[in-house]
Every structure is written in C-alpha cells, then in structure tokens.
Amino acid sequence: MTVSQTHATDRHYRVAAPARGSVVGRAEIAALTSVLEGASSLSAASRREAFEAELTALIGCRHALTVTSGTVALEIAIRLLDLEAGDEVVVTPQTFQATAQPLLESPATVRFCDIDPVTLNLDPDALADVITHRTRAVILVHYGGRPAEMPAITALAHAHGALVIEDCAHALGASTPAGAPGSLGDIGCFSFHSSKNITTLGEGGLITLADDTLAHRVRRIRDNRIDIRLSDAARSAAFTELRPWLIYADELDTGVSEIRRSGTNATLSEAACAVGLAQLERLGQMIARREAIVDRLDAVVSAVPGFTTQTTTPGDRSAHHLYTAFCELGADARHQVLADLDRAGIQVQLRYAPLHLTPEWQLRGHRRGECPVAERDWFERHLNLPCQPTLSDDQVDILATELDRALRSASSRHA
Ligand SMILES: *Cc1c(COP(=O)(O)O)cnc(C)c1O
C-alpha cells in the first residue's frame, strides 16, 4: 500500500496499534515472583494444570492443553490429521499466515473458501461449494473474535466426514448460545501472544479437543514423546527390568503398533502459566473495555453514509480482538481514510491480506479470483483500528474524533 510510505514513526502515533493486547501489572509480577522464589522445578506442572483447568471451564471444552504458541497449536492440530496425497483441506483466506502454514509441507490439496462480507468469517454457502468427500478438515477463524457460523459449518463438515479446526487466536472471551469458540468444533487453537486478548509472557498457545484419543496424541506430541498408534498386540518386554527407573513407564504397558512421527517439546513453562492464570482474572474486565471502545467507534461509523460495521449475531458475544469497519465507497475512499488517519496519528494495521495471494500460496498455484469476496474486501473495503484495553480514555477520544473526521471527509468526497 502506498500508505506505508507516509507512515509516521511509531513514537509519533497518538494511538498506536497494539504491541500489547492485554493489561499486565502487579498481579502478574506477584505470580512470577512466587514461581521464581519457590523451590519447585520451573518446568513443573502445577500452575500449568491449574491454568488448563481454568481454561477448560471457561471455554467449556473437554480437553485443554497449553503449548508454546498458537502456531505450534495449529501445527499439532494439522499433524493429527495424518494427511495423505489426495486429501483436501478447506481454509479461510481471511487470516494470519500461521493458520495454514503447516499445510505448505503437506501432500494434501488446500482449497481456500470465500468469506462473508459482513463478518469476514468463512461463508457456509461458499463452503457447500468447496467441500467434497475428500475433505479431511475445515480450518476457520473467528475473525477478530466474532464467532463464526459454527452450527452450519460443523453440520456440513461432519456430513462429509471432515473435522472442524477452529483458529481461536482472536476468540478468547467470545461466546455463543451453543458454547464458546474452542468448544464448538473438533479442535481449537488459541494464541497467548503479546498482542492477543491474554498473554503468557509474550508467547503461548492452547489446543482444545473434544476427542479423548486425539487429546492423548496431543499430550504425547507436546510432552516429548513419540506420536504412536496404540495396539494391544505389540507389547514390548524389553525394558521390564529397568521399569522402576523409567520416567515414562506407561509406554511399556500400552504397546506400539506404529510410530506416526516424532513428538516435540511444546510445553508451556510454569512461569508462563502463572502469568496466564493472573491474566484470566482480568479477562472479563478487559473484554468489557474492548466492548466499550467498539461501541464508541461503531456509533461513529454508523453515523456516516457509506461506512458500515462488523456486526455480531444477536445472542453471540465477540471477544473484539480487532476493531473492523467497512468502507462501501470504493478503493479511493478507503485509501483516503487510511491516509487521513495515519496523518492524524492513528496507526492502522490492516488484517489480513488474502492468504491465497501471499507469495507462498501463489507459488502453489493459487490466484486472484479464487475468493472474490475476500479479495474485494481487502483491496477496497476493510478498516481495522486499535481497540486494545490498554488505550487510555484520552486515546479513545482521539480515536473517535479522528475517525469521525476522516470518514466524513471521505464520505463527502466519494458518496
Ligand atoms: C496470532 C495468530 C496465530 C498465531 O499465534 P502465535 O501465538 O503468534 O503463534 C494464528 N492465527 C491467528 C488468526 C492469529 O491471529
């Protein structure tokens, strides 16, 4: 975008894009101090298990396993599919690269499925056209924290024998009458990166699962063990004598019929989980702050002809990770708004360029025209603005005032 050439440096922004998406303070410092001053291993499990128990209750899922990042959560989720040539995976194009990155190395065929122009979430009608009996998984995002159309999507996916993987990186704190994101599909992947709704010392993630066998595999992969297919037939007695000195003695009891792949170490540290527990205490307040900022900005946008907001289905609650609005007056008007906001000291970061048009996916044959709604949205329509709870009241005032000015100016010139 030409806008980047006019960018003020970060220190000139009066309202900057979120370097941090959550409030961090005394409670987090106290949690860290308690871990560091204690005597137990810094790789112990007590805070991790407590953090996972709270997340399980909050999300309403069956299993919640923390990992080192949202990217690693997605890598492990996709690994569980055991994809082979001929398999297909459906992915939303309106997302961060990590959602589909593991598929770059997969023998499966990736099909990008277009989105809804109001929600920017996967469009169930478009999915009906893209899904086939070869589809092994549908990977969607709750864009900006706004819950996707899960009942329609899971029904369609399950009717085709496909799993639904929810990228919930934006969605911690969101809910629907049917449950929270991360409990609605088969596998959920969350991020606790610094910019997200809560953080575990800057990096961290979570996998939620409905299925016990898949959860067992995730635990093995995460905890530096081998991803195996279990069988009663293949017991080994080779280590029986050494059994009392083995860390992972249950390996001997289960029997291994096949080694799928090596495991890894994706375990989140005690310090990170202690901070995560403190962050969860703040989550409700931080989402309420995001809601207040979004309501304020929505009121500004709705009052100007030619601009619309990303609405949420009645009864659902968005986690408002991103603030999104739309310019319906064409690319020139949208560009004018971006440039005006930048000049006024409001840092705009647009999320996200259609994934199928990024170099790595174009090199695999994906082209403009595959997802017309996502493309038009990116090139002509959508605006993202800061809405993180760390914004001061003064910054929210500046944001609302400058947004109003920029939209009215574009509206009067282009409407
Ligand atoms: C942040 C993000 C990820 C990756 O999470 P990390 O913890 O940064 O690895 C994946 N998907 C989406 C949509 C994200 O916004």
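The values are calculated or read from the model by the stated rules, or taken from the named source; none is laboratory data. Keep in mind that this is a model prediction, so the values were computed, not measured. We place every Cβ from the backbone using ideal geometry, glycine too, and count neighbours over all the protein chains shown. Just so you know, the surface numbers come from the protein's heavy atoms only, side chains and all, with ligands and any DNA or RNA stripped out. Shrake-Rupley method; radii C 1.70, N 1.55, O 1.52, S 1.80 Å.
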Distance from the range 137-152 to the range 154-211 (C-alpha centre basis), Å: 9 Å
Express the accessible area of the range 12-153 per residue in Å², computed with a 1.4 Å probe while the remaining protein chains stay in the model. 41 Å²
With springs only between Cα atoms under 10 Å, which of 191, 269, 40 fluctuates most in a Gaussian network model of the chain? 40
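List the longest stretch of the chain that has no exposed loop site; here a site is one of the chymotrypsin sites (Phe, Trp or Tyr not before Pro) assigned by DSSP to anything other than H, G, I, E or B, with at most 12 other Cβ within 10 Å.
Within the chain, the longest run free of exposed chymotrypsin sites (Phe, Trp or Tyr not before Pro) spans 1-238.
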The range 265-307 scanned against label point 7 Å out from residue 392 along Cα→C-beta; backbone N under 19 Å for 289-290, 293
Residues of the range 283-414: accessible area per residue at 1.4 Å, in Å²? 42 Å²
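May I ask what percent, to the nearest 5, of DSSP beta bridges between residues of the range 126-196 are antiparallel?
Given both bridge residues lie in the range 126-196, the antiparallel proportion sits at roughly 10 percent.
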Hey, what does the equivalent ellipsoid look like for the range 359-414, semi-axes from the Cα gyration tensor as sqrt of 5 times each eigenvalue, largest first, whole Å? 33, 18, 7
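Roll a 1.4 angstrom probe over the protein heavy atoms and tell me the percent of accessible area of the range 1-138 that is carbon or sulfur.
C and S atoms contribute 51 percent here.
If you roll a 1.4 angstrom probe over the protein chains with everything in place, what fraction of the accessible area of the range 283-414 belongs to carbon and sulfur, to the nearest %?
Working: 2730 of 5480 Å².
With neighbouring chains kept in place, the figure for the range 283-414 is 50 percent.
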Based on alpha-carbon atoms only, what is the radius of gyration of the range 283-414 relative to the globular estimate 2.2 N^0.38 Å? 1.12
Just in the range 64-99: which GluC sites (Glu not before Pro) are loop by DSSP and have at most 11 other Cβ atoms within 10 Å? 84
Check residue 135: other-chain or 5+ apart residues with amide H under 5 Å from its amide H, H built from backbone geometry? 88
In whole angstrom, the spacing between the Cα centers of the range 273-293 and the range 91-128 equals 29 Å
Pick from 183, 392, 175: which residue has the top mean-square fluctuation in a GNM of the chain where Cα pairs under 10 Å get a spring? 392
Normalised per residue, the volume of the convex hull around the Cα set of the chain (Å³): 148 Å³
Karplus-derived 3J(HN,Hα), 6.51/-1.76/1.60, for each residue of the range 180-190, Hz, glycine and proline x: 8, x, x, 10, 9, x, 8, 9, x, 10, 10
Per residue of the range 356-367, in order, report the coupling 6.51 cos²θ - 1.76 cosθ + 1.60 (Karplus, θ = phi - 60°) as ³J(HN,Hα) in whole Hz, putting x for Gly and Pro. 5, 9, 6, x, 5, 8, 4, 5, 9, x, 7, 9
